[in-house]
Amino acid sequence: MKYIDEYRDGRLIGKLAEAIRREVCRNYVFMEVCGGHTNAIHRFGIPSLLPKEIKLISGPGCPVCVTGKDFIDKALDCAGQQDVIIASFGDLIRVPGSHSSLEGARREGADIRIVISASEALEIAALNPGKKVIFLGIGFETTAPGTAVTLVNSEKERITNFFVLNAHKTMPNAMDAILKDGSSIDGFICPGHVAAITGSEIFDFIPERYNLGCVVTGFEPADILHAVLLLVKQVNNAGQKVEIQYRRAVTKKGNTLAKKYMAQVFEPCDAWWRGFGIIPDSGLRLKEEFRIHDAERFVPQSESKSHTEDKYCLCGEILRGNKVPPDCSLFGRDCIPDHPVGACMVSMEGSCNTWFRYRLDE
Ligand code: SF4
């Protein structure tokens, strides 16, 4: 607790806010890539501490939000089959598919269990040898190593009834997709937990190719304000580079063991992102030697899966940083956390969910 208090210390936060105010000399737009940062920024009231010249916008780093409706539909197809147990992270089960959600399927009798890790799903498989246990693998470089290690362990322990319906993705190409199309962003607040695995070097292409700064930061208010201060200074001094603010967790090279497991199990593939469509090489598919655990084989191939969203839902634009939740005509009325229309209202890391909980009065 003392450790966390250090980064929530009122005097430190006041000093950082004051330092930012002193540095500001123009307008700035910074994108927080990660949904965890979006949540922390609004939860701690960071916008209220910043001068009006600084605008923070959310990016595509909420895994539930960028995962397509087709993935939910595939999971529902699997859940409807005999002797299947679906193991899912909690926030995924309320995401609307084309006709229902996993929560709806569970109410109708499907065996859908909430887990906090892939290894917990593997334990369920070991305890239920007569069932197929399908883990819904979503998330970025933070959760992909856990799925990779679990698949290696399932081979080692010869647990043959463990499968992964896989939609893991990687961050850099999504950031590249935002910049390629032209953008008003002056710098990125980069996800500390992704970089703890990959190392900060995955963001090096951003200053090199686009002359924009990146600061890898943590999730406490002092971390985020410090990152904003560093980004403002980078812009003012035309010294765009990748800086690590989150030194207590991140290095340039990252976690070599986690990266080794990822390389053993996954290979890059094109992936579909809500708001972007297909982004080349932004997904992770199972390598040949692990495809025996691929749950895609249980999805009926005859039915084409749709990415179509509610026509009024602006999730896609919000995930690209082009809109904010109140721009959506459904926000706070037809779409609320208890009755989400789009994925951004479901996850605690989703922009719409976060704005609803912390900024509805604005
Ligand atoms: Fe989509 Fe709901 Fe957000 Fe509107 S408020 S963009 S419908 S999730």
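The values are calculated or read from the model by the stated rules, or taken from the named source; none is laboratory data. In this text, all values refer to a predicted model and were calculated from it rather than measured experimentally. No Cβ is skipped: glycine too gets one built from the backbone with ideal geometry, and neighbour counts run over all protein chains shown. We work out accessible area using only protein heavy atoms, side chains counted, and drop any ligands, DNA or RNA first. Shrake-Rupley method; radii C 1.70, N 1.55, O 1.52, S 1.80 Å.
Brief remarks on what is shown
- Listed values for the range 217-226 are Karplus-derived 3J(HN,Hα) couplings in whole Hz (6.51 cos²θ - 1.76 cosθ + 1.60, θ = phi - 60°), namely 9, x, 10, 8, x, 5, 4, 5, 5, 4, and x replaces Gly and Pro.
- Under Karplus coefficients 6.51, -1.76 and 1.60, residue-wise ³J(HN,Hα) of the range 6-11 in Hz, glycine/proline x: 3, 9, 10, 5, x, 5
- Arg333 versus Ser117: modelled label distance in nm, points set 7 Å from Cα along the beta carbon direction: 4.5
- GluC sites (Glu not before Pro) restricted to the range 104-152 and DSSP loop, no more than 10 other C-beta within 10 Å: Glu108
- Zone residues, the range 134-154, relative to Lys260, backbone N less than 11 Å from point 7 Å out along Cα-to-Cβ: none
- Per-residue SASA remark: Thr143, around 50 Å² accessible (1.4 Å probe; ligands, DNA and RNA not included).
- Here the label points at Leu12 and Asp204, each 7 Å from Cα along the C-beta direction, are separated by 3.0 nm in the simple model.
- For trypsin sites (Lys or Arg not before Pro), the sites in the range 136-182 that DSSP calls loop and that have at most 11 other Cβ atoms within 10 Å are Arg158.
- Entry note, the chain: the mean residue ellipticity at 222 nm calculated from DSSP H runs of n ≥ 4, each adding -39500 (n - 2.57), is -10500 deg cm²/dmol after division by the residues and rounding to the nearest 500.
- GNM top mover of His226, His339, His37 - the chain, alpha-carbon springs below 10 Å: His339
- On the basis of the beta-carbon distance and an R0 of 51 Å, Arg43 and Phe298 show a calculated FRET efficiency of 0.85.
- In the range 203-257, chymotrypsin sites (Phe, Trp or Tyr not before Pro) in a DSSP loop with at most 12 other beta-carbon atoms within 10 Å: none
- With a 1.4 Å probe rolled over the protein heavy atoms of all chains, the accessible area of Ile189, Ile116 falls in the order Ile116, Ile189, largest first.
- Solvent-accessible heavy-atom area per residue, rounded to whole Å², over the chain at 1.4 Å: 44
- Segment Val152-Glu267, extension gain: residue separation times 0.36 nm, minus the distance between their alpha carbons: 39.9 nm
- Solvent exposure ordering (accessible area, 1.4 Å, most first) of Val29, Val66: Val29, Val66
- Rounded tilt (10° steps) of 256-265 against the dominant C-alpha axis of the chain: 40
- Most fluctuating residue given options Arg297, Arg247, Arg26, as computed from a GNM of the chain linking Cα atoms under 10 Å: Arg26
- Label point distance in nm, Arg26-Lys180, each placed 7 Å from Cα along Cα→Cβ: 2.7
- A straight Cα-to-Cα reach below 18 Å connects Lys311 with the aspartates and glutamates Asp70, Asp327, Asp334, residues fewer than 8 places away in its own chain not being considered.
- The dipole here belongs to the range 1-158: it is taken about the Cα centre, uses +1 on the Cβ of Lys and Arg and -1 on the Cβ of Asp and Glu, and is about 560 debye.
- DSSP-defined antiparallel bridges as percent of all bridges, the chain, nearest 5: 20
- For Lys233 and Lys55, the difference between the fully extended length at 0.36 nm per residue and the C-alpha to C-alpha distance is 62.6 nm.
- Figure note: Thr217, Thr170 ranked by solvent-accessible area, largest first, 1.4 Å probe, ligands and nucleic acids not counted: Thr170, Thr217.
- Candidates Gly14, Gly342, Gly218, ranked by Gaussian network fluctuation over the chain, Cα under 10 Å, top entry: Gly14
- Helix axis angle, 144-156 relative to the chain longest principal axis, alpha carbon, degrees: 30
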